[in-house]
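Data block below; observations after.
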Amino acid sequence: MVEILEKYIPERAVQPAFELIKTHGVYLKIVNERITRHGDYRRMPDGQHQITVNVSLNRYRFLMTLIHEIAHLVAFEKYGRFIKPHGKEWKQTFQLLMLPFIRPDVFPQEVLPYIARHFKNPKASSDTDAHLSVALKKYDPPTDKNYIFEIPQGSRFRIYNGKIFKKGNKRVKRYECVEVATGKVYLFQPNAEIEQLD
């Protein structure tokens, strides 16, 4: 397991992450990329704790996703299975488990302030924290994708499922975008990854 973790997370995080996996009896499964989630936790019918994490994540996002999912397991074990999946019990557990990793020998110096701010009140997904998402994206392999906030208003773009939209006005945080085929208006996070068409 240590050799596997060395491929996917920062070197200084390997041993403490391995200890968490061992302590909580986690079966870690690294899976092909899923668009809708970075990872998930399931208690299997035989009682085994299975955590899946997308293979495509960079080291820092992989580590955060792994700890995010372990926090689900720990919170359910401690507070019972009827707590909200991303409620206060999970948030406190995630903060506690993540704290030993928020160090400059684990995360790049320029990412640490965004991580520190995120963990004051962690969200269900790091993707909903636009600043953290953009900071972590710098460590992904290059792609032909843009963020919505990077393209001009009125530009057309395609999302992962092939639907085409036109970028509109920014509300408080999100952008109103019109689906070209239907005329329906959807709200997009500024850090939504899209393919610009014009």
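For the reader, a short list of remarks on this structure follows.
- Residue satisfying all of: in the range 6-36; touching a residue at least 40 places away in the same chain (Cβ under 8 Å) and assigned to a loop (DSSP other than H, G, I, E, B); nearest to the chain's Cα centre (by Cα) among these: Ile35
- Selection of the range 175-194 for residues being farther than 11 Å from Tyr147 by Cβ and either small (Gly, Ala, Ser) or under 22 Å from the mean Cα position of the chain (by Cα) (or both) yields Ala181, Gly183, Tyr186, Leu187.
- Of Asp129, Asp198, Asp144, Asp140, all but one fail to be within 19 Å of the chain's Cα centre (by Cα), acidic (Asp, Glu) and either farther than 30 Å from Ile70 by Cβ or surrounded by fewer than 17 Cβ atoms within 10 Å (Cβ to Cβ) (or both); the exception is Asp140.
- Residues of the range 111-126 classified as surrounded by fewer than 16 Cβ atoms within 10 Å (Cβ to Cβ) and not in a loop (DSSP other than H, G, I, E, B), total: 4
- Considering each residue of the range 163-185 in turn, none proves to be among the acidic types (Asp, Glu) and under 16 Å from Asn58 (Cβ atoms).
- Among residues of the range 133-148 that are in contact (Cβ under 8 Å) with a residue 24 or more places away in the chain, those with a beta-carbon under 6 Å from a residue that is hydrophobic (A, V, I, L, M, F, W, C) and in a loop (DSSP other than H, G, I, E, B) at least six positions away or on a different chain give the pairs Ala135/Val111; Ile148/Ala192.
- Every residue from the range 93-110 that is buried (at least 20 other Cβ atoms within 10 Å of the Cβ) and within 28 Å of Ile194 (Cβ to Cβ): Phe107
- Checked against (1) in contact with a helix residue (DSSP H, G or I) (Cβ under 7 Å, 6 or more places away or on another chain); (2) in contact (Cβ under 8 Å) with a residue 12 or more places away in the chain, Pro104 passes all but condition (2).
No lab work stands behind these numbers, since they all come straight from the coordinates. Keep in mind that this is a model prediction, so the values were computed, not measured. Cβ coordinates were reconstructed from backbone atoms using ideal geometry, including for glycine residues, and neighbour counts include every protein chain displayed.
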